[in-house]
Every structure is written in structure tokens, then in C-alpha cells.
Amino acid sequence: MKKLALVTGANSGFGMLSSLELAGIGYRVIATMRDPTNAGELLKRAEELRISKQILIEPLDVSSSESIKAFKERISHYSSIDLLLNNAGFAIGGFVEEVSIEEYREQFETNVFGVMAVTQAVLPFMRKEGKGKIINMGSISGRFGFPGLSPYVASKHALEGYSESLRLELKPFGIEVFLIEPGSFQTNIWTSGKKIAPRSLVTSSPYFSYMNKIESEMAKEKRGNPAEIAQIVRAIATGKIHSFRIPAGKGVRFTIFMKSILPWRMIEKVVLRKLKVR
Ligand SMILES: NC(=O)c1ccc[n+]([C@@H]2O[C@H](COP(=O)([O-])OP(=O)(O)OC[C@H]3O[C@@H](n4cnc5c(N)ncnc54)[C@H](OP(=O)(O)O)[C@@H]3O)[C@@H](O)[C@H]2O)c1
């Protein structure tokens, strides 16, 4: 029997590339997405790689309890699920004063509660088998609180704590939990996957010029190749990685290390100077 993997947000970016990578090493992949009509690129690439038979497209909106419920019923006939990649996510930016509570909730519904709901749906399979791997897609934003991005930063920080508890809870049951922490990679999260709270975008906003400085710094960033993240997923799947946190991308390890040794007042001086707001 081929191993079975479940990937959320599999129609683009890390999710799509990881699905292809997992199918390439012999997994059957339940590639889930909000709208299965968006599976075209994934299926085209799978066809080219002659692995399309290993990919099964399923609808799943991780922020919708009805969608999760229907999905649980559809997967109930599987005898085991060997790997879960909690990848679906998007980013809401804006300044705290100008982000509505509804926008914070919307961010958490997908990036945090979505991960929790899908994990709960899959855990009984893994626990019964006494094995499995759960990979959560964290972010450098889960380790560092960038300004103008607090909904996303808060959601990824929450995912860090959740993943730590999960790792410790599941280790005795033979289930390994991983947290990939990517820096900046070239995917749709910078375009269709990003929303800025509209009030921070109008010239009358007191944060308007600060927001512009952040946006122009972000635009200068050299973004990594998302295939690097899919390679990490492959390495986890094939048992080459066992460590819990996996920082990835240019400067990420360095940033985390500097944050751990420098006093906060120095960190904020560097960040604010870089953004030219002080
Ligand atoms: N790229 C980076 O620089 C970077 C860095 C750190 C962490 N990450 C994390 O990596 C993960 C994947 O993002 P990506 O960079 O690959 O961007 P992406 O290409 O925009 O992919 C995000 C995927 O998540 C899906 N998604 C969003 N909300 C969903 C929901 N409610 N239910 C199901 N699927 C949903 C999107 O579906 P639709 O196409 O339908 O919107 C899309 O398939 C995210 O968790 C993101 O936070 C990315």
C-alpha cells in the first residue's frame, strides 16, 4: 500500500510544489483546495511528471466548519493517513489601530483554527496506526513581530505555541510534528494571498507613510525559490529530518539567532532605522 498524504492549500505555492514532491516519492496525495477548479496547474505539472494518478483533488476550505465536516466524512473510509501538511494560509497586514477585530478573526480562522480543525480530523487515523507526520507551515513572522503585519504575525506566533504543545503531546504516540519557518519566498502570498486593511492604505491614515516605507522595503526583498520548501517537506517525508523547527530561506537563521542574543532596544533600533521611521 502506498503511503497517503494530505495537503491543504494545494493549488499554488508551497502546497502545490510539496504535493508534487510527495507524489514523486511515491505517496498518494489528497491535494485539497478551496476551489477544485483551481487545480489546473497542479494537474498539468503532475501529468508532465507522470504522477497524476497519485493525486486526488478534494475541496476543503479550512476556515469553514461545514467544509471541514463534509471533508471528514469523505475521508472516513481511509484506513490510514501518513502525513499531513497544514499549509493553507494567507496574510492580512495593516496597522493595529486600523485593523478590525473581524479582520483579525478572519486571519485566525484560516492560519490558526484551520490548522487545528484539520489536525483534529486527521489525528485519529495517525493515533490508531501509532505513526504519522504532521508538518505545520509557520513563518519567520512566527518568530519576529514585523510592524504593519500584526494579524499575520499574531497568527503565526499562535501556530508556534500550538505546534510545541502538539509535538510534546504526540511524541509518545509515535507521531512527529514539524514546524517549517520560511522567510520570504516567491509565491502568490505576495499578491492574491495578501490583504492590507483598507484604512492603512488611504492618505488620511496617520500610518500611511509608515505603511509605504514597509511596502517599499518588502518590494526590495529578494525572494527565495519555493521549491526549497517542497524539498524540506520531501526530506521530512523520507525521514531525513527529525528536528522540530526548520527555519528556511535567506537570513532566517541569522535573524532568529540575533533576536535571541541582542537586547530588544537594539533590535528595534535596527528595524526602525532600516524602515527610516526614526
Ligand atoms: N511565501 C512566503 O514567503 C511564505 C513565508 C512564510 C510562510 N508562508 C506560509 O506558507 C503557506 C503557503 O503559502 P504560499 O506562500 O505557498 O502562498 P500561496 O501560493 O498564496 O498559497 C496559499 C494557499 O493557501 C490557500 N488558502 C488560503 N486560505 C485558505 C482556506 N481558508 N482554506 C483552504 N486553503 C486556503 C490558498 O488558496 P486560494 O488560491 O484559494 O487562495 C493557496 O492555495 C501559508 O501558510 C503561508 O503563511 C509563506
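The values are calculated or read from the model by the stated rules, or taken from the named source; none is laboratory data. Just so we're clear, the structure is a prediction, and the values are computed from it rather than from any experiment. Don't worry about glycine lacking a Cβ; one is built from the backbone with ideal geometry, like all the others, and counts go over all protein chains shown. With ligands, DNA and RNA removed, areas are computed over all heavy atoms of the protein, side chains included. Shrake-Rupley method; radii C 1.70, N 1.55, O 1.52, S 1.80 Å.
Over the chain, what percent of the accessible surface lies on carbon and sulfur atoms, probe 1.4 Å?
Here it works out to 56 percent.
How far is the Cα center of the range 37-59 from the Cα center of the range 260-278, in Å?
Spelled out, the Cα-based centre of one part sits 45 Å from the other.
For the range 4-274, divide the Cα radius of gyration by the Kirkwood radius and give the resulting Rg/Rh value with two decimals.
Using Cα coordinates only, the ratio equals 0.97.
Students often forget the sequence filter, so: which aspartates and glutamates lie under 13 Å Cα-Cα from Lys3 once same-chain residues fewer than 8 apart are removed?
Straight-distance partners of Lys3: Asp82, Glu129.
Leaving out same-chain residues fewer than 8 places away, which aspartates and glutamates sit with a Cα under 16 Å from that of Lys250?
The qualifying aspartates and glutamates are Glu181, Glu217, Glu221, Glu228.
Using a cut-off of 20 Å between alpha-carbon atoms, which lysines can reach Lys213, once sequence neighbours fewer than 8 places away in the same chain are excluded?
Lys213 reaches Lys194, Lys195, Lys222, Lys269, Lys274, Lys276.
Report Rg(Cα)/(2.2 N^0.38 Å) for the range 156-278, keeping two decimals.
The reported ratio for this selection is 1.31.
Any idea how far apart Phe257 and Asn38 come out in nm if each label point goes 7 Å out from Cα toward Cβ?
3.7 nm
Measure off 7 Å from each Cα along the Cα-to-Cβ vector at Phe244 and Lys171, then give the distance between these two points in nanometres to one decimal.
According to this spin-label approximation, the distance is 0.7 nm.
For the range 49-117, state which chymotrypsin sites (Phe, Trp or Tyr not before Pro) are in a DSSP loop and have at most 16 other beta carbons lying within 10 Å of their beta carbon.
Those satisfying the criteria are Tyr78.
Please go through the range 1-94 and write out the GluC sites (Glu not before Pro) that DSSP classes as loop and that have at most 13 other C-beta atoms within 10 Å.
Passing both the DSSP loop test and the Cβ count: no residue.
Among the GluC sites (Glu not before Pro) within the range 170-259, which fall in a DSSP loop and have no more than 14 other Cβ atoms within 10 Å of their own Cβ?
For GluC sites (Glu not before Pro) across the range 170-259 that sit outside H, G, I, E and B with at most 14 neighbouring Cβ atoms in 10 Å, the list reads Glu221.
According to the square roots a ≥ b ≥ c of the eigenvalues of the Cα gyration tensor, what is the shape class of the range 1-77, taking rounded for a/c under 1.5, prolate for a/b larger than b/c otherwise, and oblate for the remainder?
Because a/c hits 1.5 or more and a/b fails to exceed b/c, the range 1-77 counts as oblate.
Between Lys69 and Arg127, what is the FRET efficiency for a Förster distance of 25 Å, r being their Cβ-Cβ separation, to the nearest 0.05?
0.80
Build a GNM of the chain with springs between Cα atoms under 10 Å: which of Ala154, Ala31, Ala235 gets the top mean-square fluctuation?
Checking each option, the largest mean-square fluctuation is seen for Ala235.
Among Pro263, Pro247, Pro59, which one moves the most in a GNM of the chain with springs linking Cα atoms closer than 10 Å?
Pro263
Find the accessible area per residue for the range 4-274; the probe is 1.4 Å, ligands and nucleic acids are left out, and the unit is Å².
49 Å²
Lys and Arg at +1, Asp and Glu at -1: add these up for the other residues within a Cβ distance under 9 Å of Gly26 and post the number.
Neighbourhood net charge equals +3.
Would you list the membrane-span-like helices of the chain, meaning whole DSSP H runs whose alpha-carbon atoms span at least 27 Å along their axis and whose mean Kyte-Doolittle value is at least -1.0?
Taking the DSSP H segments of the chain (at least 27 Å long, mean hydropathy at least -1.0), we get 150-170.
Do the sum for the chain: with -39,500 (n - 2.57) for every DSSP H run of n ≥ 4, divided by all residues, what is the mean residue ellipticity at 222 nm, to the nearest 500 deg cm²/dmol?
Dividing the helical sum by the residues of the chain leaves -13500 deg cm²/dmol.
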